[in-house]
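Data first, discussion second: the structure below is written as C-alpha cells.
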Amino acid sequence: MRPFTYERADSAAGAAKAAAETPGARFLAGGTNLLDLMKLEIERPQHLVDVGRLPLAEIAETADGGLRIGAMATNSAAASDRRVRTRYPVLTQALVAGASAQLRNKATIGGNLMQRTRCPYFYDPAKPCNKRDPGAGCSALEGDARGNAILGASDACVATHPSDMAVALSALGATVETVAPAGEIRTLGIDDVHRLPGKAPQIETNLAPGELVTAVVLPPPPEGRQEYRKVRDRASYAGGLFSLALAGERLALGAVALKPWRATRAEAALAGGASPAEAAEAEIGAAHPGHRNAFKITLARRVIAAALEGTPYP
Amino acid sequence: MDMPVRAAARASFEITVNGERRRIEADLRTTLLDLLREHLGLTGTKKGCDHGQCGACTVLVEGRRINACLSLAIMHEGQSVTTIEGVGLPGNLHPLQAAFLEHDAFQCGYCTPGQICSALGMLAEVEHGEPSQVTRDLAAEAVPLTDEEIRERMSGNICRCSAYPQILEAIRDAAGAAA
C-alpha cells in the first residue's frame, strides 16, 4: 500500500471540502472495496477522509411516504430494516444477494454506489486498462472476460458495474443526495449517478471531485410485485452474470453495463401489451455480444421473460 | 481521543481487544488483521487471502463480524474487538469451540478461528431476525435457523479441507437449533 495521510471527518460538508482541497484524496467509509484496491495499488490515494463515523446512518421516513437511507448505513442495516424489508423487499433481496455477511456488515450504502468494477483486467496491473490508465487500451475486449457488458459498452471499456443494490434502486426510482465541496446539497436520480464508458471510462460517475453521497431516498413503494433475481456461477458470495430488479411496472438490469440498466424499452413494450418474451426482446435486441459473453444475451432474455411471467424463483 | 487533523503517516490511538484496552502506535497502513497478529501477538486470527474473499480473518467488532484484512486499524479507534482468543481458550472453551472439536469440524484448522468468530456473529444476526437471501418471509420477525440458512450465512468463510458438513453440524449443535 502506498503511504497516505488520514483524517476523520466530523461533518459531511467538511469532508467534501477536505476531499476537494487535498490532492489525491479519497473518501473512506467501510473500506471493503477501496482498501482491497489500495493493497493492489490500483487505488493510490495520498489522503483518506474517513467518513465512516459521520452521523449519516439513520433510516427515516420521508414526508411523502418514502424512506431516506443515510449513506453510512451498512448494507446489513439497510437490508434488515423492517420498513425496507416489508415495503421495499426488492432492495433487501438485492442487498443480501451481494458479497458475504462480513462484507455487508462493513460496506455502506454510499460506498456500494461508489464501488468500482470487478473486471479481471481492471484488477490486473500487468494488463492494459483504460480505467486504470486512460489511453492504455482495454484488455477485456479480446480477453477471457465472460462477465463483460452487453449493453452500453464502448471500444474503450466493456466492464460492468458490480452493485446489486443499485439495480434495485433503479427499479424503485430512488434518488441520491450529495453534498458538494462548497456545501450545497444536490439530488440526482439513481440513473444519473453512473456513466457509460464512452471514450472516458476512467470517469465513472457524474459526481464532482469531493462530492460526497449523503443519502439514498426511496419514493413511496410502487404498486405491484417486487423481486430481485440474480444468476451467477455459484449460489452465494459471487458477482452476478445477470440480474434484474422488478418493482411494479419498472424493470432494471444488472451485470449488463457499466451502470445499473433501467430497462425502459421493455417497460414501454409491456405497457403496450407485449408478452414477457417480446418485452425481453425489446430490451435485449439492442445488446451486443463481446468476446466470449454471447451467453449473457440468451441468459438475459430468458431471465427477464421468466421474471415477467412470474415463474417461481429460485 | 481526538485525531489530529491531517495525521502523519503514523497513527496513535486506543482500541479494546478482548476486553483489554490497548495503546497503539503504528503505521497508518496497518490493517486490523496485521495489528492483531503482528503488533498484539494474537495470531489466532488468520491471514488467508488478505482480500476479503476467504473469511479466515473474521473477527467481531462491537459484536458484528467483519473481515479484519479489509479494515485499517485506525478505523477502529475506541472500538471493541473480539478475536478467537477472546472467545475461549483451552480449558475454558466456548460451546461453539467445543462443538467444533466434538464434530471434528476441521482438518488443517487454518480457517477455524474465522469460522467460529463468523458463526458467533451469524447466530447474533439470526437472533436479531436479520434476513439472508434464503429467508423466505422477509416480513417475519424471527428467522428460522435451518441448515439452508446456516450454509448461506456462512458462505463468506471458505474451508479448503471442505469440512463443511461437520462445520454445519457443529454450528447447528451449538445453537441448539432443529435441523
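The values are calculated or read from the model by the stated rules, or taken from the named source; none is laboratory data. Owing to the predicted nature of the structure, the values given are computational and were not obtained by experimental measurement. Cβ coordinates were reconstructed from backbone atoms using ideal geometry, including for glycine residues, and neighbour counts include every protein chain displayed. Each accessible area value is taken on the protein alone, full model and side chains, heavy atoms only, with ligands, DNA and RNA left out. Shrake-Rupley method; radii C 1.70, N 1.55, O 1.52, S 1.80 Å.
Check A:A277, A:A300, A:A268 and return the single one that is more than 17 Å from A:G173 (Cβ to Cβ) and surrounded by fewer than 22 Cβ atoms within 10 Å (Cβ to Cβ). Walk me through it before giving the result.
Working: A:A300 fails: surrounded by fewer than 22 Cβ atoms within 10 Å (Cβ to Cβ); A:A268 fails: more than 17 Å from A:G173 (Cβ to Cβ).
Residue meeting the stated conditions: A:A277.
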Check B:A140 against each of (1) under 21 Å from B:K46 (Cβ atoms); (2) part of a loop (DSSP other than H, G, I, E, B); (3) open to solvent by 20 Å² or more (accessible area, probe 1.4 Å); (4) within 14 Å of chain A (Cβ to nearest Cβ) and name the one condition it does not meet.
-> (1)
Among the residues of the stretch B:77-98, how many are surrounded by 22 or more Cβ atoms within 10 Å (Cβ to Cβ) and facing chain A (nearest Cβ under 10 Å)?
-> 0
Starting from residues that are surrounded by fewer than 22 Cβ atoms within 10 Å (Cβ to Cβ) and free of Cβ contacts under 8 Å to residues at least 60 places away in the same chain, keep the ones in the stretch A:55-72 and report whichever is farthest from the chain's Cα centre (by Cα).
-> A:A63
When you go through B:A163, B:A124, B:A119 one by one, which is the residue that is buried (at least 22 other Cβ atoms within 10 Å of the Cβ) and within 11 Å of chain A (Cβ to nearest Cβ)?
-> B:A119
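Residue-wise test of (1) open to solvent by 10 Å² or more (accessible area, probe 1.4 Å); (2) within 11 Å of chain A (Cβ to nearest Cβ); (3) at negative phi; (4) in contact with a Lys or Arg (Cβ under 9 Å, 6 or more places away or on another chain).
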{"residue": "B:H39", "(1), (2), (3), (4)": "yes, no, yes, yes"}
{"residue": "B:H51", "(1), (2), (3), (4)": "yes, yes, yes, yes"}
{"residue": "B:E62", "(1), (2), (3), (4)": "yes, yes, no, no"}
{"residue": "B:L72", "(1), (2), (3), (4)": "no, yes, yes, yes"}
For the stretch A:5-41, which residues satisfy the criterion of being part of a helix (DSSP H, G or I) and under 21 Å from A:V179 (Cβ atoms)?
-> A:A12, A:A13, A:G14, A:A15, A:A16, A:K17, A:A18, A:A19, A:A20, A:E21, A:L34
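Which residue is nearest to B:G63 (Cα to Cα), if the candidates are limited to the stretch B:149-158 and must be outside any loop (DSSP other than H, G, I, E, B) and facing chain A (nearest Cβ under 10 Å)?
Kept after step one, since they are outside any loop (DSSP other than H, G, I, E, B), are these residues of the stretch B:149-158: B:149-153.
Filter once more, so that each one left must be facing chain A (nearest Cβ under 10 Å): B:151-153.
Working: B:R151: 21, B:E152: 20, B:R153: 16 Å.
Filtering the stretch B:149-158 for residues that are outside any loop (DSSP other than H, G, I, E, B) and facing chain A (nearest Cβ under 10 Å), the one nearest to B:G63 (Cα to Cα) comes out as B:R153.
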If you scan the stretch A:49-79, which residues turn out to be within 13 Å of chain B (Cβ to nearest Cβ) and either under 20 Å from A:A252 (Cβ atoms) or out of contact with any helix residue (DSSP H, G or I) (no Cβ under 8 Å at 6 or more places or on another chain) (or both)?
-> A:R53, A:N75, A:A77, A:A78, A:A79
Spot the failing condition for A:D164; the list is (1) surrounded by 20 or more Cβ atoms within 10 Å (Cβ to Cβ); (2) of a type outside the set (A, V, I, L, M); (3) touching an Asp or Glu at 6+ places or on another chain (Cβ under 8 Å), and only one is missed.
-> (3)
Which ones in the stretch A:80-121 are free of Cβ contacts under 8 Å to residues at least 60 places away in the same chain, within 7 Å of chain B (Cβ to nearest Cβ) and more than 17 Å from B:P131 (Cβ to Cβ)?
-> none
From the list A:A9, A:A20, A:A13, which one is modelled with pLDDT of 95 or more, within 12 Å of chain B (Cβ to nearest Cβ) and open to solvent by 10 Å² or more (accessible area, probe 1.4 Å)?
-> A:A9
Scan (1) facing another protein chain (nearest Cβ under 10 Å); (2) surrounded by fewer than 19 Cβ atoms within 10 Å (Cβ to Cβ) for the single condition B:P131 breaks and write down its number.
-> (2)
